[in-house]
Amino acid sequence: MTSLNDPYELSVGVPSVDVFRRLRTDAGLSDKAPEAVALALPNTWHGVVLQREGNPIGMGRIIGDGGTAFQIVDICVHPTHQGRGLGKRIMAALTEELERRAPAGAYISLIADGPARFLYEKFGFADTATHDSIGMYRVMGVSSEPSGPRVER
């Protein structure tokens with residue numbers, strides 16, 4: 001529950017492309033191309049934006065297929081506002097929406113950078129490695145040399 005003196009307001013939605021990019025980079029996350037962000041934001045399953053005095057200072061989104069698989073992404077809070085439980089507030093709003101709308105058995109994933117894992121553990125997330133799984137990724141448009149012999153197809 002928020003107090004009457006709480007200067008922060010959490011609303012449902014996604015920020016503009018420019019605000020999205022600024023929030024990510026201000027929080028130390030990687031920047032994304034404006035064209036990619038413009039494609040991504042309308043496909044958000046659920047998003048929240050945290051504001052102080054009308055200025056966006058944090059956000060979080062859920063993406064996914066709406067039934068079997070969801071991913072929590074873009075959780076960030078501007079550094080001058082960190083350490084005040086705001087990341088926890090964003091996560092609480094996202095997980096409440098998942099609990100309300102996601103079907104039973106849906107798989108919810110996220111990538112935990114550094115100490116953020118401790119926040120996510122409070123919301124029931126577990127390290128996949130303890131379940132004989134590992135997270136994997138690939139970034140499109142970034143070339144890498146395959147390890148091992150080259151196979152022509």
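Here are a few things to note about the model shown:
- Only residues that are surrounded by 11 or more Cβ atoms within 10 Å (Cβ to Cβ) and either over 15 Å from the mean Cα position of the chain (by Cα) or closer than 22 Å to Q82 by Cα (or both) were counted in region 40-58, giving 9.
- Here is the figure for region 72-131: residues that are under 16 Å from V49 (Cα atoms), part of a helix (DSSP H, G or I) and among the aliphatic types (A, V, I, L, M) total 6.
- Residue list for region 102-119, filter: touching a helix residue (DSSP H, G or I) at 6+ places or on another chain (Cβ under 7 Å) and closer than 13 Å to I63 by Cα: I108, L110
- Test result for D74, among the acidic types (D, E) and open to solvent by 60 Å² or more (accessible area, probe 1.4 Å): no
- Residue within region 102-115 that is surrounded by fewer than 17 Cβ atoms within 10 Å (Cβ to Cβ), among the polar types (S, T, N, Q), under 16 Å from the mean Cα position of the chain (by Cα) and over 18 Å from T25 (Cβ atoms) present: yes
- Residue that is open to solvent by 20 Å² or more (accessible area, probe 1.4 Å), of a type in the set (S, T, Y) and at pLDDT 95 or above, where the choices are S11, S3: S11
- Set side by side, the residues G83, G64 differ, and just one is crowded, with 20+ Cβ neighbours inside 10 Å and of a type outside the set (A, V, I, L, M), which is G64.
- Failed item, numbered, when I62 is tested on (1) of a type in the set (V, I, T); (2) out of contact with any Leu (no Cβ under 6 Å at 6 or more places or on another chain); (3) at pLDDT 95 or above: (2)
The values are calculated or read from the model by the stated rules, or taken from the named source; none is laboratory data. Bear in mind the structure is a predicted one, so any value in this text is a computation, not a measurement. Heads up, the Cβs are rebuilt from the backbone with ideal geometry, glycines too, and the neighbour counts pull from every protein chain shown. Surface areas here come from the heavy atoms of the whole protein model, side chains and all, with no ligands, DNA or RNA. Shrake-Rupley method; radii C 1.70, N 1.55, O 1.52, S 1.80 Å.
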